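The structure under discussion appears below in the form of structure tokens.
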């Protein structure tokens, strides 16, 4: 059975449980006095959506990269594989 607290007490990590809030809600605390703290619900920041690169953009990024492989694939394979 879930515990329903009549008093809200902070734990060792300075966390409190507030029954009226929902997961992932974002609140801004405003300390008015030592005994009065106001929590204002704010909109959470929008996640940054990263656009996927097209094949042409990937090709240009590889061409413009300062990293260049100066050996053939077979030579690289010999260097990186056990005999």
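One table, with the values for the structure above:
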{"read-out": "Within segment 14-33, tally of residues that are under 21 Å from the mean Cα position of the chain (by Cα) and loosely packed, with under 10 Cβ neighbours inside 10 Å", "value": "5"}
{"read-out": "First in segment 56-69 and free of Cβ contacts under 8 Å to residues at least 60 places away in the same chain, second anywhere and surrounded by 10 or more Cβ atoms within 10 Å (Cβ to Cβ) and part of a loop (DSSP other than H, G, I, E, B), Cβ under 9 Å, 6 or more apart", "value": "61/53"}
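Okay, residues lined up against (1) out of contact with any strand residue (DSSP E or B) (no Cβ under 6 Å at 6 or more places or on another chain); (2) modelled with pLDDT under 90:
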site	(1), (2)
23	yes, yes
30	no, no
38	no, no
53	yes, no
57	yes, no
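The values are calculated or read from the model by the stated rules, or taken from the named source; none is laboratory data. Worth saying up front: this structure is predicted, and the values here are computed from it rather than measured. All Cβ positions, even for glycine, are placed from backbone atoms using ideal geometry, and neighbour counts span all protein chains on display.
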